[in-house]
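Trainee: Encoded as C-alpha cells, here's the structure I'll be asking about.
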Amino acid sequence: MDSPALLWFRQDLRLADNPALQAVADRPLLPVFVLDDAAAGRWAPGAASRWWLRQSLEALGRDLAARGTPLLLVRGRAEIVIPALAAAIGAPEVLAGRLYQPWARERDRRVAEALEVAGRRLRLLTSSLLRDPARVMSGSGRPYAVYTPFAKAVAAMGEPDFPILPPARLRPVAAPPPGDTLDSLALYPVAGEPDWAADFPALWTPGEAGAQARLARFVAGPVSGYAAQRNDPGTEGTSGLSPHLHWGELSPRQVWHAVRQAQPGELSQPWPFLSEILWREFSYHLLWHRPEMPDRALRERFAGFPWQPDAALLRAWQRGRTGYPIVDAGMRQLWHYGWMHNRVRMIAASLLVKHLLQPWQAGAAWFWDTLVDADLASNSASWQWIAGSGSDAAPYFRVFNPVLQGEKFDPAGRYVRRFVPELAALPGKWLHQPWKAPAEVLRGAGVILGRDYPGPVIAHAAGRARALAAFAALRAGG
Ligand code: FAD
C-alpha cells in the first residue's frame, strides 16, 4: 500500500520503538503534533511540562527532518485539524499511540467520528505502556484495585516484546500543508526561557537522544545499587527517567530491556526497579478503569473528608517554608529542578494532606504545574495513595513524622543542606528539627528562627492528632 499516512505524535515523541511509526514507515508520511489545550482543559500541560514539551518537539522535529520528513506543528482543536490534514494529503488512515486520560479518550472518540464521516479511520496502537490496561484483568474478569496482584499478573504475562528499531529513512508526502512555528505555540509563558527554568538545561536534556543517554547512564551504574539507594534523596540513586517516560521519548519496554540486559537472569534482581515501572502501569490501569481518579476520591467514604482549605498554609508549603527542613528541601528542589525525589514527594504530600488538612487536589495541582514529569495517572494515583483515598492506600493512621523521615532518609543532611542553605551550618543533630536546637547552636550556625527560617507550621503531634480526628469524624459520619 503506498497511500500517504498521517502520523499523529502525542505522548510518544520518539522514533525508536514506536509502533504507530513502524506501521506506516514505508508510506509517504506527514508527522504532526497538535497543541490542543482546549480539549485538555485543566489538564493541559502545566508550566514546567510546557518547558519540556517545547524542547522535546524541537528535538523530534530535528530527528524527523534528518530522516526526510519534517514535523508539522499545529495549534488547534484536534477533531478539526486532524481530519482536515488527512483530507489535504489524501490519507485513508491516521496512526497514533493510545492515550489513557479521560479527556484524551473523549477527544479520540470525536476525532475518530469526524474521520469516519469522510471514510477514514483513526488507528491507535499501544506505545506508552507495557500492557494495555484493558488487557490486564483479574481471574474474575475485573480490573485490579490493588498493586501486588496487578504486578504479579503483569509479570506472569512474560517479558515484554523487544523494542522496534527506528526507521533509517522516511518519505515525506508530496505537498505538506503549512503549519505553525514552535515559537507560535507559545509554550513558554513569556519570550525567552522563564526564570524558574534557569537550572533546567543543566539537569535535563528533553528529546529521544537525551532520554537514551540518561537510560544508558542509569544502566551503566546506578541500577546495580538501586535497591539500596533509591530512598536516599541526597544521591542520584534513581533513574530520573520520569519526564522522558511521560512524553514517550522512551518506551517502558526499552527501559525494561535495557535493565534486563544489565541484570539478566532471575527477575528478582532487577525487580526493585522494574516494580516501579509497574507502579506506573498500575497508575494507568487505575486511570483507565476509574476515570474519575484525578478529581474524586476512589474510596467513596473519603468524599466528605473535612478538609480545611487555607491559602496561607498552601502557600507556605508551595514555597518551601513549612519549617520542616526535609519538606522544604523537597518543595525547593521541585521549584528549581522541576522534579522531586520520590521519598520526599511522599513526605511533603503527606504533610500537606494530613498535618495541614489541605485537599490532595490542591497539592496535585501544584505538582501539575511545577513537575516536568507531571502525569495525570501517576500524579493522581500517588496523591490519592498518600491521602488515604486511593484504591490501594496505606492505612490512614500511618502519618509520616517529617523529623524522623528526614533523619532516616537524609541522615547526613546532604539533601537538606543543598536545598535549604540557610540551615547548612547546623549540626546534623538539629538539622531536621532546628526549633529544638539550643540558642547558642543556632547562633553558631548563623540562624535566627522566624527570620532566616520559620518554626514548624504545626507541631507533629498536634498535626497527627488533628488528622486522626478528621478521619474519625469521617468514619463516624459514613
Ligand atoms: P525511578 O525510581 O527511577 O523509577 C523509574 C520509573 O518508574 C519512573 O521514571 C516512573 O516512570 C516510574 N515510577 C516510579 N515510582 C512511581 C510511582 N510511585 N508511581 C508511578 N510511577 C512510578 N511520577 C510521575 O511520573 N509523574 C507524576 O506526576 C508523579 N507525581 C507524584 C506525586 C506524588 C505525591 C508522589 C508521592 C509520587 C509521584 N510520582 C509521579 C511517582 C514518583 O515519585 C516518580 O515517578 C519518581 O520520583 C520519578 O523519578 P525517577 O524517574 O528517578 O524514578
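Just so you know, all these numbers are worked out from the coordinates, no wet-lab data involved. Keep in mind it's a predicted model, so treat the numbers as computed, not measured. Methodologically, a virtual Cβ is constructed for each residue, glycine included, from the backbone with ideal geometry; neighbour enumeration extends over all protein chains shown.
Trainee: What are the ³J(HN,Hα) values, in whole Hz, obtained from phi via the Karplus relation 6.51 cos²θ - 1.76 cosθ + 1.60 with θ = phi - 60°, for each residue of segment 440-448 in sequence order, with x given for Gly and Pro?
Mentor: These are the phi-based 3J(HN,Hα) values: 5, 5, 4, 4, x, 8, x, 10, 10 Hz.
Trainee: Follow-up. Pulled fully out, how much extra length does the chain show between Asp295 and Arg169, if you take 0.36 nm times their separation in residues and subtract their Cα-Cα distance?
Mentor: Result for the pair: 41.0 nm of gain on full extension.
Trainee: If all Cα-Cα distances of the chain are sorted into 20 Å bins from 0 onward, what percent lands in each bin, rounded to whole numbers?
Mentor: Each 20 Å bin holds this share of Cα pairs: 22, 54, 22, 2, 0.
Trainee: Over all Cα pairs of segment 225-360, how is the pair count split among 10 Å bins, expressed in % and running from 0 up to the last occupied bin?
Mentor: Reading upward from the zero bin: 10, 31, 34, 21, 4, 0.
Trainee: For Met346, Met340, which order do you get if you count the other beta carbons within 10 Å of each Cβ and list the fewest first?
Mentor: Listing Met346, Met340 from fewest to most nearby Cβ atoms yields Met346, Met340.
Trainee: Find out how many positive minus negative residues lie around Asn401, taking Lys and Arg as positive, Asp and Glu as negative, among other residues whose Cβ is under 13 Å from that of Asn401.
Mentor: After counting each charged neighbour, the total is +3.
Trainee: Could you please state, rounded to a whole Å, how far the C-alpha centre of segment 192-206 is from the C-alpha centre of segment 22-75?
Mentor: First find each Cα centre; the distance between them is then 20 Å.
Trainee: Also: Cβ under 15 Å from Ala467's Cβ, Ala467 left aside: what net charge do those residues give with Lys, Arg +1 and Asp, Glu -1?
Mentor: +4
Trainee: For segment 397-427, list residues with backbone N below 12 Å from a point placed 7 Å from the Cα of Val441 toward its Cβ?
Mentor: 426-427, by backbone N distance to the label point.
Trainee: Amide H neighbours of Tyr453 under 5 Å, counting only residues 5+ apart in sequence or on other chains, H built in-plane at 1.01 Å?
Mentor: Ile448
Trainee: Give the cross-link partners of Lys429 among the lysines, using a straight C-alpha distance below 27 Å as the criterion and excluding same-chain residues fewer than 8 apart.
Mentor: List returned: Lys354, Lys408.
Trainee: Can you work out ³J(HN,Hα) from phi for every residue in segment 127-140, in order, using Karplus 6.51 cos²θ - 1.76 cosθ + 1.60 and θ = phi - 60°, giving whole Hz and x for Gly and Pro?
Mentor: 9, 10, 10, 5, 9, 5, x, 6, 9, 9, 10, 6, x, 8
Trainee: When a footprinting reagent is the concern and you count Cβ atoms within 10 Å, what order do Trp368, Trp103, Trp435, Trp288 take, fewest first?
Mentor: Trp435, Trp103, Trp288, Trp368
Trainee: Under a plain spin-label model, where a point goes 7 Å from the Cα along Cα-to-Cβ, how far apart in nm are Glu236 and Gln308?
Mentor: Label at Glu236, label at Gln308, 4.3 nm between them.
Trainee: Can you give the FRET efficiency to the nearest 0.05 for Arg414 and Leu203, using r as the Cβ-Cβ distance and R₀ = 25 Å?
Mentor: So the FRET efficiency works out to roughly 0.90.
Trainee: How long is the gain from Ala44 to Ala465 if the chain were fully straight, where each residue apart is worth 0.36 nm and the alpha carbon distance is subtracted?
Mentor: So the extension gain works out to 147.8 nm.
Trainee: List every DSSP H helix in the chain whose Cα atoms extend 24 Å or more along the helix's own long axis and whose mean Kyte-Doolittle hydropathy is at least 1.0.
Mentor: Length and hydropathy pass: none found.
Trainee: Also, I was wondering about something else. Given the rule -39500 (n - 2.57) for each run of at least 4 DSSP H residues, summed and divided by the residues of the chain, what is its mean residue ellipticity at 222 nm, to the nearest 500 deg cm²/dmol?
Mentor: -13500 deg cm²/dmol
Trainee: Please report how far the C-alpha centroid of segment 418-463 lies from that of segment 99-144, rounded to the nearest whole angstrom.
Mentor: Here the two parts' Cα centres lie 51 Å apart.
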